[in-house]
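Here's the structure we're looking at; comments come further down.
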Amino acid sequence: MLVSADGTRFRGYLARADDGDAGVVINPDVRGLHPFYEELAERFASAGVNAIAFDYFGRSAGTDRRADAFEYMPHVRETRPQTVYADIAATRAHLERQTGRDASSCSASALAGGWRSFSPRSCPGSRA
């Protein structure tokens, strides 16, 4: 379980690489932390990159696993950029604490999470 700066608890999935210094935060699509993103994290790890995927919807949908039929749009509408960025920062910090390595890569995603990956705010040290 991860905890954002405002105390919100949300789910994450960490996949550790056997060796390699890079790390990546995976921003999911509108499904949140779907098994696809857990599998994607494992693929990054198998390629030598520590990876963590997280769930956008801890504030509105809770921390339980959700079925494929999860009605995500009401939760998408409740997300706010500032809380998503706070969750990205907490996720990255967790990755670094758990692996003992700097997450030298910022984030990766597609679809709904994609724009967050290209935002300078997703990278610590950014002035954005």
Subject >> Selected residue [within 18 Å of T8 (Cα to Cα), in contact (Cβ under 8 Å) with a residue 24 or more places away in the chain and part of a loop (DSSP other than H, G, I, E, B)] from T83, T63 >> reply: T63
**OP:** Considering only region 67-82, state which residues are touching a Phe, Trp or Tyr at 6+ places or on another chain (Cβ under 6 Å) and hydroxyl-bearing (S, T, Y).
**Re:** T79
Original post:
Quick check: anything in region 9-32 among the hydrophobic types (A, V, I, L, M, F, W, C), at pLDDT 95 or above, in a strand (DSSP E or B) and touching a Phe, Trp or Tyr at 6+ places or on another chain (Cβ under 7 Å)?
Top reply: yes
Original post:
Does any residue of region 30-37 turn out to be crowded, with 19+ Cβ neighbours inside 10 Å, touching a residue at least 24 places away in the same chain (Cβ under 8 Å) and of a type in the set (V, I, T)?
Top reply: no
Original post:
If you scan region 33-58, which residues turn out to be assigned to a helix (DSSP H, G or I) and hydroxyl-bearing (S, T, Y)?
Top reply: Y37, S46
Original post:
How many of the residues in region 1-27 are buried (at least 24 other Cβ atoms within 10 Å of the Cβ) and farther than 11 Å from D87 by Cβ?
Top reply: 3
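The values are calculated or read from the model by the stated rules, or taken from the named source; none is laboratory data. All values derive from a computational prediction rather than experimental measurement. As a convention, Cβ positions derive from the backbone with ideal geometry for all residues, glycine included, and neighbour counts pool all protein chains shown.
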